[in-house]
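First comes the structure, then the notes that go with it.
The values are calculated or read from the model by the stated rules, or taken from the named source; none is laboratory data. Just so it is clear, the model here is predicted, and its values are computed rather than measured. Because the Cβ atoms are built from the backbone with ideal geometry, glycine has one as well, and the counts that use them run over all protein chains shown. Side chains included, ligands, DNA and RNA excluded: accessible areas come from the protein's heavy atoms. Shrake-Rupley method; radii C 1.70, N 1.55, O 1.52, S 1.80 Å.
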Amino acid sequence: MIGQTNILVIYTGGTIGMVQDPKTMALRPLSFDILYKYLPVLENFNCTIDFYTFEPLLDSSNMNPSFYIHLATVIEEKYEDYDGFVILHGSDTMAYTASALSFMLENLNKPVIFTGSQLPIGMVRTDGRENFINSIEIATAKEYDTPVVPEVAICFENKLYRGNRTSKFNAEHFGAFVSVNYPLLAEVGVHIKYNQNLILKPNFKKLKALKTLDENITILKLFPGISSQAVEAILHTKDLKAVILETFGSGNAPTIPWFIDHLQDAITRGIIIYNVTQCKGGTVEMGKYETSAGLNKIGVIGGYDITTESAVTKLMYLLGSGYSQESIKQLLQTSLRGEMTV
Ligand code: ASP
């Protein structure tokens, strides 16, 4: 490492920042003044760590696009002062926030590492200590003065994932995340082994924070027996601009005429329909089966192997950026930040 490394830790809320009140046993947010009491080892890092705390602290179920904009603004404003950012965030919607930030931070050339924990940092068996320390180490890692991980990533249970490729899949295990369609960016053992060829490369351009998000989207999750009324009601949501159609397997949906008619009507009204599979792994292949050929014909857009979390935030970002509908349809089938395999 050359020179002094500065890391900004942004505390947004979630379990990781909690301590248990010894009297009431209730969980309450920790003040960072006393963080070093729980993590004295932080003093041994060869870097300066500053803290920025959100107010109010949020359980990640309460995160929304306004919060994403606030977070992107903090990173934008502090970007030149720090070598990397560690975001302490609840794990429940961490994959959404990490995906959103990956799209909003264009030309990102520094690490933005999300982490959290399943047990509060103030508990003896916490997983937060190791997640926090690993994230700091990863955020400081440089080679020839260039960050090793210049992208938005999630660090959890000794694994580093591309943020916009992850989903939370376990509410109890310390290993809470999965990224089935993209390999790990790094694995933490005795050494931190970076998979350099899988990590995005810096482009050394100036950071641009894109902070207009459009929330007029929804998800239509298919299930066997879904009714015509339910589909129609969702597709007539006021001001709707795009729908993520969560399909079966490799992008399949019922061939029943009323279903195709509802989708066709929505497309005619200018609504984008984005086909994303309900499976955690694998890809949408429009036209592989008869059950997706009809979707293809009426102009449904295939999302390849994108996660729902990434699809939601990519749509918000693209719709908010003022592109024409044709460009949006094209960009939905293009990998912008390594979020899909085309
Ligand atoms: N409910 C918490 C949250 O997502 C759980 C966690 O912190 O992991 O904010």
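Before moving on, here are some points about what is shown:
- Expressed in Å, the radius of gyration and Dmax of the Cα atoms of the range 158-282 are 19.4, 58.
- The chain - percent of accessible surface contributed by carbon and sulfur, probe 1.4 Å: 51 percent
- Here Asn203 and Asp239 are evaluated by their C-beta separation; at R0 = 35 Å the FRET efficiency comes out at 0.50.
- Spherically averaged projected area of the convex hull of Cα atoms, the chain: 18.4 nm².
- Gyration tensor (alpha-carbon) shape descriptor, the range 25-169, a/c threshold 1.5: rounded
- Rounded to whole Å, sorted largest first: equivalent-ellipsoid semi-axes of the range 127-168, Cα gyration tensor: 19, 14, 6
- The residues packed around Arg125, meaning those with a beta-carbon under 15 Å from its beta-carbon, carry a net charge of -3 if Lys and Arg are +1 and Asp and Glu are -1.
- Solvent exposure of the chain, expressed per residue, is 45 Å² of accessible area, with all protein chains present and a 1.4 angstrom probe.
- For the chain, leaving out every one of the trypsin sites (Lys or Arg not before Pro) that falls in a DSSP loop and has at most 10 other Cβ atoms within 10 Å, the longest unbroken run is 24-124.
- Inter-part distance where the range 107-152 and the range 249-290 are each reduced to a Cα centre, Å: 38 Å
- Hydrodynamic analysis of the range 87-161 uses the Kirkwood radius over alpha carbon pairs. Inserted into Stokes-Einstein at 10 °C and 1.306 mPa s, it gives a translational diffusion coefficient of 124 µm²/s.
- Between Gly163, Val284, Leu245, the Cα set farthest toward the positive side of the dipole of the chain (charges on each charged residue's Cβ, about the Cα centre) is that of Val284.
- Rounded to the nearest 20 debye, dipole of the range 1-120 from Cβ charges on Lys, Arg, Asp, Glu: 380 debye
- Note on the range 182-251: Rg/Rh from Cα positions, Kirkwood definition for Rh, rounded to two decimals, is 1.20.
- Candidates Thr255, Ser327, Ala209 compared by Cα position along the dipole of the chain: farthest toward the positive end lies Thr255, with charges placed on Cβ.
- When Rg and Dmax are taken over the Cα atoms of the range 10-62, they come to 12.5, 37 Å.
- Summed over qualifying helices (DSSP H, 4 residues or more, each -39500 (n - 2.57)) and divided by its residue number, the chain shows a 222 nm mean residue ellipticity of -8000 deg cm²/dmol.
- Among Val190, Val86, Val231, residue whose mean-square fluctuation peaks in a GNM of the chain (springs only between Cα atoms under 10 Å): Val190
- DSSP-defined antiparallel bridges as percent of all bridges, the chain, nearest 5: 35 percent
- Spin-label model distance (nm) - Asn216 vs Ser324, 7 Å beyond Cα toward Cβ: 1.9 nm
- Computed lengthening from Asp21 to Ala171, 0.36 nm per intervening residue step minus Cα-Cα distance: 51.7 nm
- 37 °C / 0.692 mPa s Stokes-Einstein diffusion coefficient of the range 263-313, Kirkwood radius on C-alpha pairs, µm²/s: 286 µm²/s
- Rg/Rh (Cα only; Kirkwood hydrodynamic radius) as it applies to the range 213-305: 0.93
- Net +/- balance of residues flanking Val188 in space, Cβ distance below 15 Å, scoring K and R +1, D and E -1: -2
- Label-point gap, in nm, between Glu232 and Trp258 - each point 7 angstrom along Cα→Cβ: 0.7 nm
- The longest stretch of the chain left intact once loop-based chymotrypsin sites (Phe, Trp or Tyr not before Pro) with at most 12 other Cβ atoms within 10 Å are removed from consideration, loops following DSSP, is 1-143.
- Net charge, Phe67 excluded, C-beta distance under 13 Å - Lys, Arg +1, Asp, Glu -1: -2
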